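The values are calculated or read from the model by the stated rules, or taken from the named source; none is laboratory data. All of these numbers come straight from a predicted model, not from anything done at the bench. Positions of Cβ are backbone-derived with ideal geometry, glycine not excepted, and every protein chain shown enters the neighbour counts. Heads up: the accessible areas ignore ligands, DNA and RNA and are worked out on the full protein's heavy atoms, side chains in. Shrake-Rupley method; radii C 1.70, N 1.55, O 1.52, S 1.80 Å.
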Amino acid sequence: MRLPDSVTGSFLVVLGAAAAYGGWILPPVPGQPVGPNVFPLLIGMGLALCGLAIVFGVGHSFEEEEELVPLEDGQAAAPPPQGKLQGKLYGLRALLPPALLLFYVLAADRLGFIITAAIMVYVTSTALGAKWKLALPLAALSPFAIHLIFGKLLRVPLPAGLLPTPW
Amino acid sequence: MLKTLLDAFALISTWEVIIAMFAASVYGLVIGSLPGLSATMATALLVPVTFYLSPIAAIATIVAASSMAIFSGDIPGALLRIPGTPASAAYADEAYAMTRKGQAELALGAGVWFSAVGGIAGVLSLMILAPPLAEIALSFSTFEYFWLALLGLMCATLVARSSPVKAIAGMFIGLLVSCIGIENPGGVPRFTFGITDLFGGIEPIPALVGVFAVAQVMRAMLTPEPPPLPRRKFGSIMAGQWKLTKLYHWQMTRGNIVGIIIGVLPGAGADMAAWVSYAMSKRFSKEPEKFGTGHVEGLVEAGASNNASIASGWVPSLLFGIPGDTIAAIAIGVLYMKGLNPGPTLFTEKASSMYAIYLMFIIANILMIPLGIAMIRVAAYILLAPRSTVMPIIMLCCAVGSFAIGNNMFGVVTVAAFGVIGYVMEANGYPVAAMVLGIVMGTMVEQAFVTSLIKSDGSILPFFERPVAAILAAMAIGALLWPVMVWVWRKLKQPQTVVATSR
């Protein structure tokens with residue numbers, strides 16, 4: 001997902017310009033010199049300026065030492081195991097967690113918490129390399145444990161859906 | 001004074017607080033020791049649970065979990081050379097070298113002991129610094145608050161280990177996120193695109209969970225599994241620590257002080273403190289050649305530093321609502337939820353609650369010693385849990401926790417969206433902490449700015465007229481220009497060296 005600075009910078013210019021324009025067209029508050037439009041206008045302009053600076057490589061020299069810093073999990077970004085075989089598709093695996101969360105949003109009300117959660121756990125676990133012998137029991141048990149803590153103890157109204165919990 | 005102290009004791013000596021603190025300690029130790037799960041993530045995932053606790057118990061869980069997680073990140077650092085949290089990254093190599101020399105007990109013992117000492121030093125700084133600063137802060141008007149907030153935001157961009165331009169861009173993105181919703185000076189829907197869920201704005205907590213937890217699961221999808229921990233028998237862990245304290249008392253004190261200062265600076269937290277202290281220890285050591293070969297001196301200083309920053313990070317948070325680090329950013333969210341709105345009046349009106357926070361920090365750091373030793377002994381079993389069982393549970397907690405915050409599904413969408421934003425930003429060198437600060441402080445900056453502008457009738461001059469405001473303004477502008485000056489200085493120096501070498 002490492003994009004060239006020119007791409008991220010241009011994106012910021014567009015985002016900043018859009019924010020500034022969005023602030024500009026907000027209606028002013030009668031009898032008040034400064035309204036809700038000033039702040040987004042300033043931020044949008046600032047963001048666009050930063051974007052321009054990034055496109056032209058300003059401040060890039062400060063980034064050199066970043067290479068020395070390990071990633072948050074303390075490992076250098078190691079090449080993926082079968083990176084060459086799967087190529088670009090391998091990078092898309094990173095999108096699995098947010099996709100599963102959106103799946104939860106769409107499916108939880110209909111299928112119920114237990115079933116949706118079990119599917120999420122199974123998919124995540126297999127994607128991280130677990131065999132079905134491990135992933136299946138985990139998917140069967142962990143939703144109940146989470147339901148016990150959040151649904152029963154903390155009284156979060158989790159959707160029951162197709163499979164109501166025994167308690 | 002004595003009565004407030006007694007009140008504070010009464011507040012924390014309930015079963016709820018004691019159990020919450022103990023459970024959160026164990027939770028923090030476990031999460032911190034698992035590589036890839038940071039202390040910030042541990043705290044963020046705790047928030048939904050704190051909803052259902054009393055205010056003091058809620059703060060107790062955060063205090064205990066964050067302190068413990070910062071220490072227990074040292075465990076895999078020393079045994080596997082993989083830091084459990086970013087705060088331990090600075091000295092993981094050193095600690096691992098000690099383990100290879102057969103001094104694992106000494107390295108881990110130094111981790112526990114100097115973490116606890118550092119934590120207590122941090123609390124002392126909180127107790128000493130906060131009340132007099134609160135006195136000063138009582139006379140602050142919106143002008144001072146505006147500059148103070150700006151200074152906080154600028155500090156966060158200065159200390160980021162990345163390009164300052166990207167850090168400022170990250171901060172602007174955070175401020176832009178805080179613009180969403182109808183909570184603005186005009187009360188008009190802003191950047192809501194007609195979506196009703198956006199009217200209430202983006203809640204900081206789901207955004208933080210997304211940035212720190214979901215983005216981490218996303219990263220785990222692409223990185224290989226860390227190796228399992230070799231099982232080993234430990235000798236006495238605390239043996240020799242007193243001798244080290246006497247030998248390196250100056251290094252320990254210096255680590256404490258550096259940690260406290262870095263903790264107070266907005267946006268810079270435990271990981272920064274550890275890096276700076278380790279580098280400082282090497283720079284000023286009498287035997288710098290031993291560093292990197294398994295020398296305990298740097299461990300003492302950096303271990304004392306990163307835990308000191310945890311408590312002192314609460315100073316600006318409690319006083320001004322400006323988070324000292326990302327953990328404090330979450331704590332501020334919880335404080336608001338529990339009716340303990342940050343501000344100088346907190347120290348006069350809710351003095352007993354403040355004393356309770358101090359006491360809990362002290363207890364957590366004392367509790368760290370026995371629990372930490374137990375954790376070191378069982379760490380090999382806990383680290384047996386493969387990532388493919390831990391990460392799915394984290395995902396479930398993200399989904400359920402973000403739903404629980406507002407009992408609506410939009411929270412889950414926010415978490416997913418910010419997971420992607422955090423992942424992309426981190427991968428491209430945009431510091432996430434700067435954005436988080438922008439989100440948390442956005443509303444406050446805008447309110448202070450717009451109110452000041454209305455008071456001054458659109459004129460800029462009053463922003464500099466009050467003495468304290470002028471000083472803060474000079475500091476904020478200086479912080480903004482600092483990278484430019486460094487850049488110019490480097491440019492000026494470069495041609496000279498080139499000329500010198502070409503001759």
Worksheet item: Are any residues in segment A:88-112 touching a residue at least 24 places away in the same chain (Cβ under 8 Å) and touching a Ser or Thr at 6+ places or on another chain (Cβ under 8 Å), and if so, which ones?
Response: A:Leu96, A:Pro97, A:Leu100, A:Ala108
Practice prompt. Sort through B:Ala149, B:Ala156, B:Ala169 and tell me the only one that's in contact with a helix residue (DSSP H, G or I) (Cβ under 6 Å, 6 or more places away or on another chain), buried (at least 24 other Cβ atoms within 10 Å of the Cβ) and within 7 Å of chain A (Cβ to nearest Cβ).
Written response: B:Ala169
Worksheet item: Inside segment B:403-419, can you point out the residues that are more than 8 Å from chain A (Cβ to nearest Cβ) and either outside any helix (DSSP H, G or I) or modelled with pLDDT under 85 (or both)?
Response: B:Ile405, B:Gly406, B:Asn408
Response to the item:
When restricted to B:Ile202, B:Ile237, B:Ile180, the only residue within 13 Å of chain A (Cβ to nearest Cβ) and aliphatic (A, V, I, L, M) is B:Ile180
Worksheet item: In segment B:309-325, is there at least one residue being open to solvent by 10 Å² or more (accessible area, probe 1.4 Å) and touching a His at 6+ places or on another chain (Cβ under 8 Å)?
Response: no
Discussion item. Just to be sure I understand, how many residues within segment A:103-118 are more than 7 Å from chain B (Cβ to nearest Cβ) and surrounded by 15 or more Cβ atoms within 10 Å (Cβ to Cβ)?
Written reply: 10
Discussion item. Being away from chain A (no Cβ under 12 Å), closer than 30 Å to B:Tyr248 by Cα and surrounded by 23 or more Cβ atoms within 10 Å (Cβ to Cβ) narrows it down to one residue among B:Phe143, B:Phe114; which is it?
Written reply: B:Phe114
Practice prompt. Return only the number of the condition from (1) more than 10 Å from chain A (Cβ to nearest Cβ); (2) open to solvent by 30 Å² or more (accessible area, probe 1.4 Å); (3) of a type outside the set (Asp, Glu) that B:Val424 does not satisfy.
Written response: (1)
Response to the item:
Scanning segment B:122-165 residue by residue, the ones that are assigned to a helix (DSSP H, G or I), over 20 Å from the mean Cα position of the chain (by Cα) and closer than 30 Å to B:Ala417 by Cα total 2
Worksheet item: Does segment B:185-200 include one or more residues that are in contact with a Cys (Cβ under 8 Å, 6 or more places away or on another chain) and surrounded by fewer than 22 Cβ atoms within 10 Å (Cβ to Cβ)?
Response: yes
Worksheet item: Of all helices (runs of 4 or more DSSP H) completely enclosed by segment B:203-260, which ones contain at least 3 residues that are open to solvent by 30 Å² or more (accessible area, probe 1.4 Å)?
Response: B:241-247
Worksheet item: In this structure, is A:Val121 at pLDDT 85 or above and facing chain B (nearest Cβ under 7 Å)?
Response: yes
Worksheet item: On the given criteria, is B:Met272 over 13 Å from B:Val300 (Cβ atoms), part of a helix (DSSP H, G or I) and open to solvent by less than 70 Å² (accessible area, probe 1.4 Å)?
Response: yes
Worksheet item: In segment B:341-372, what residues are more than 20 Å from B:Ile18 (Cβ to Cβ) and of a type in the set (A, V, I, L, M)?
Response: B:Leu346, B:Ala351
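Okay, residues lined up against (1) under 26 Å from B:Arg219 (Cα atoms); (2) more than 7 Å from chain B (Cβ to nearest Cβ); (3) at pLDDT below 85:
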site	(1), (2), (3)
A:Pro30	no, yes, yes
A:Val38	no, no, yes
A:Ile43	no, no, no
A:Cys50	no, no, no
A:Ala53	no, no, no
A:Glu63	yes, no, yes
A:Val69	yes, no, yes
A:Ala76	yes, yes, yes
A:Tyr90	yes, yes, yes
Worksheet entry | Tally, over segment B:53-102, of residues that are not in a helix (DSSP H, G or I) and not basic (Lys, Arg) | 8
Practice prompt. Confirm whether B:Gly102 is more than 19 Å from B:Ala279 (Cβ to Cβ), without any contact (Cβ under 8 Å) to a residue 24 or more places away in the chain and more than 14 Å from every other protein chain (Cβ to nearest Cβ).
Written response: yes
Discussion item. Out of B:Ala65, B:Ala57, I need the residue that is open to solvent by less than 10 Å² (accessible area, probe 1.4 Å) and out of contact with any Asp or Glu (no Cβ under 8 Å at 6 or more places or on another chain). Which one?
Written reply: B:Ala65
Worksheet item: Out of curiosity, is B:Ile373 open to solvent by 10 Å² or more (accessible area, probe 1.4 Å), in contact with a Gly (Cβ under 9 Å, 6 or more places away or on another chain) and closer than 20 Å to B:Met68 by Cα?
Response: yes
